[in-house]
Every structure is written in C-alpha cells, then in structure tokens.
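Shown next, in structure tokens, is the structure this report addresses.
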Amino acid sequence: MAEITKEAVLKTADLARLAISEEEAEMYSEQLSSILTFTEKLNEIDTTDVEPTTRGIDLKNVLRQDEPKQIITKEEALKNAPEVEDGQFKVPAIMD
C-alpha cells in the first residue's frame, strides 16, 4: 500500500511555497494516501480483452451544417446606427 507521509506533504508544500499547518499536513497525508489506495485497486482489473482508447465515448459532430441565410438587410442593420459612412458603421478612431 502506498502511503504519503506528513513530512512529504510538508516538503511538497514548501517547494510549492504554500503555508500549511501541521494539522492540514496530516489531513492531506491521509487523504492522498486513501486516493492512492483506491487507484491501486484499478491495477486489479483484468483489461486483457479491452481495446485501448483515447476517449470513453465515441464523439461525433453535433453541430448543424453552416448554411448562409439573409437575416436582415444591410439597410436594416445600419438603420439605428449613430453614424454611417459609405454604407458602414462609423466609430471613433482609436489611433491617430
């Protein structure tokens, strides 16, 4: 069984420049050790007939086809613009 000691947690916290208390180090040590114990159980699973994959589910394109449509006309779009010049929105210049 893999075990992460409180000292290892404190050293890692120091390397990461994290300030943790002794109680937090003890708590993290127990939690990380239980996580490692749980993940070690995965090694007991027989995967000889399982095909390796990169994803757990098949992905497919769920997007619709991109079809151009005229929603509003250019004139309708420019109708409420504060300023229009040469058939385009006129905005304040941001550069000299």
Checklist outcome for this item: Assertion target for L63, L18, L32, ordered by fewest C-beta neighbours within 10 angstrom first, is L63, L18, L32
Checklist entry - Under 16 Å Cα-Cα from K41, which aspartates and glutamates qualify once same-chain neighbours fewer than 8 residues away are excluded? => result E3
Next on the checklist: Can you return the aspartates and glutamates within cross-link range of K6? Criterion is Cα-Cα under 14 Å, with same-chain partners fewer than 8 residues away left out.
Outcome noted: D14, E22, E23, E24, E26, E30
Next on the checklist: What does the charge count around P92 come to, taking other residues whose C-beta lies under 14 Å from its C-beta (Lys +1, Arg +1, Asp -1, Glu -1)?
Outcome noted: -2
Checklist entry - In whole angstrom, how long is each semi-axis of the equivalent ellipsoid of the chain, when you take the square root of 5 times every eigenvalue of its Cα gyration tensor and sort them from largest down? => result 59, 31, 10
Item to check | Assigned charges on the beta-carbon of Lys, Arg, Asp, Glu; the chain dipole about Cα centre (debye) | outcome: 520
Item to check | Between 0 and 90°, nearest 10: helix 6-15 axis offset from the chain longest Cα axis | outcome: 40
Next on the checklist: Whole-Hz ³J(HN,Hα) for each residue in the range 88-96, computed from phi via Karplus 6.51 cos²θ - 1.76 cosθ + 1.60 with θ = phi - 60°, x for glycine and proline: what do you get?
Outcome noted: 9, 5, 9, 10, x, 5, 9, 10, 6
Checklist entry - Can you give me the relative contact order of the chain as a percent, contacts being Cα pairs under 8 Å and 6 or more apart? => result 20
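Read-outs throughout are calculated quantities, based only on the coordinates presented, and are distinct from any laboratory measurement. These numbers were taken from a predicted model, which means no experiment stands behind them. All Cβ positions, even for glycine, are placed from backbone atoms using ideal geometry, and neighbour counts span all protein chains on display.
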